Structure formats: C-alpha cells, structure tokens
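Shown next, in structure tokens, is the structure this report addresses.
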Amino acid sequence: MKTTDTPPADTTGERPPVAKTAPAAAPKEKATGRTLNVFSHGFLILWAFMVAMPLLWAVMTSFKTDKEIFSSPWALPDSLHFDNWSRAWTEANMSDYFLNTIIVVGFSLLGTMLLGSMAAYVLARFEFPGNRFIYFLFIGGMSFPIILALVPLFYVMQNLSLLNTLPGLILVYIGYSLPFTVFFMTSFFRTLPTSVAEAAFVDGASHTRTFFQVMLPMAKPGLISITIFNFLGQWNQYLLPTVLNTEPENKVLTQGLVQLAVSQGYKGDWSGLFAGLVMAMLPVLAAYIVFQRQVVQGLTAGALK
C-alpha cells in the first residue's frame, strides 16, 4: 500500500507570504507627458511667433523711409520717421476715413446689440408659434453668402435713397451682424437662471424692465464677447462699403487704405501706407487686449449651464 508524502501543517498561525506585484510604470508615463508638453509648448511658441512677427514688422516698417523699406526690409529703422504718420493722417485723409469708420461701426454696434439681444431674449425665453422657424431663419442668414446679396442689396439701397450714405451703410452692417448675434445670445440667455426673472415678475416688474434691468446685466459677459466679434468684423469690412459706399467723402478706413495704395500709381507712398495700416490695426488690438478676459469668460459661460 502506497502512501503520499504530505507537507507538514503550519502550526505557527502565520500566513504564507503573498507575491508582490510589479509597480506601475509611472516614470514612463511622466516621460510621455513631458514629451507632449514640449511639443505643445513648442507649437504654441511657433504660432505666437507667426502671429506677432508680421504685426511687429508692420509697426517697425511704418517708421522707415521708402528707401529703407526696400534696401533693408528686416533691419531696424535708422531713425523714427514720425512724419510718415502725420502724412498719412493729413495728406492721405486717413483722419476723415477714421472718423467715418468710428461713426458707422459705433452706431451699427449699438443697433446690432440692442436688436440682437432683444430678439435673442424673446426666442430663448418665450414659446410661441413660429419660434423655432424664426430662430432657424437667423441661422440660415449666417450660412447665406453675402456676395450673393450684393446686387439686390444695391438696388434696394438705391430705391430707398440710402446708397452712398453713412446711415445706409449702418443699416446694412446691422443686418449683416444680426444673425450671428441672435444665434450666440439665444444660446447664452438659455443658460441664465429663470428664477431671477420670475422673482422680478412677482415684484411687479414688466417684461421690458425685467429685460433691461435684470436679464441684460446678467448677460454682460456674453454681450462683451459678441460685441468684440462684431467690432472686429465691422471694422475690417471691405466688400460691403466698396459696393454700397463709393462717395469719396463717405469712405471708411478699409477703402482709404486701398485708396492710399493706388493713389500715386507706380510711385507708391509705402511708408505712409504702412503708417495708415498700423493706424487701422491699433483699435482692434487695443479692444482685444483690454477685453480679452471678458471674451473668454463670455465664451465659457455660454457653453456651461
């Protein structure tokens, strides 16, 4: 009869040792994250250089003479020629173009934000027949190419005696900017709490007072964001004023820059042209630098509820 050898029983009461697992590959993950950070930071630095370099070069060139621009385009100017700026401001009529642009963009921004925010508030807060249809009409206006509307818009403005006038250009700018404004502000008003408006109604406030004194201040981040976007688009607009505003005394800044470029034929005033270009660029840069935090807050606040 065969017997099997069995290991002696453990009478000490101690548990057998448990095999230890290998530690996670933390150093490898850290190395991968460090590599990604290097590539992302390198890309951002390259992108910042590509954006800032043309702007700095334009500012530097605006203080050069025409001879220095062609002989040493990348070198610093020998001396700062501020007469380029004064010549562009006075002789090239940049002061008149600047004033016309401020008038057109200022009134069109006011009208766009007032009408756009009111329409967006109604579409976002009230249910009525045709609500979604009107909303999608505004979205369709965003996708409609403006170049297809130039010819009928020209004849409409002519029949209304608004062609080649600043009020006519203001109305066109308002209509051009309304679709995106209504689309953006409708999404923003939907994220605002309804309890505040309901409390205002309980206190006896009318719809108009609730909108202007309660809801509009709450939508301030979104208003600032869309105002900056509309300002950039209207300030740099060239196609609409070229077709609808051909009177020399009513030309805006973009038309003035083109006029400055072609006014002297083959003998162009390149130093004055760069000075005028920097003049047109400074308000846009200043607006974005001052309100960049509000722009980011408005975009993120409109995306989260």
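The values are calculated or read from the model by the stated rules, or taken from the named source; none is laboratory data. Everything numeric here is computed off the predicted structure, so don't read it as measured data. Cβ: placed from backbone, ideal geometry, glycine included. Neighbour counts: every protein chain shown. Quick note on the areas: whole protein, heavy atoms, side chains included, nothing else; ligands and nucleic acids left out. Shrake-Rupley method; radii C 1.70, N 1.55, O 1.52, S 1.80 Å.
A compact table of results
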{"read-out": "Accessible-area ranking of Arg209, Arg132, Arg293, largest first, probe 1.4 Å", "value": "Arg293, Arg209, Arg132"}
{"read-out": "Cα-based equivalent ellipsoid, the stretch 148-261: semi-axes from gyration tensor eigenvalues, Å", "value": "38, 16, 12"}
{"read-out": "Rounded to whole Å, sorted largest first: equivalent-ellipsoid semi-axes of the stretch 65-158, Cα gyration tensor", "value": "46, 17, 16"}
{"read-out": "Euclidean distance between Cα centres, the stretch 109-163 to the stretch 232-252, Å", "value": "20"}
{"read-out": "Relative packing of 74-83, 111-120, which averages over residues the other C-beta atoms within 10 Å, highest first", "value": "111-120, 74-83"}
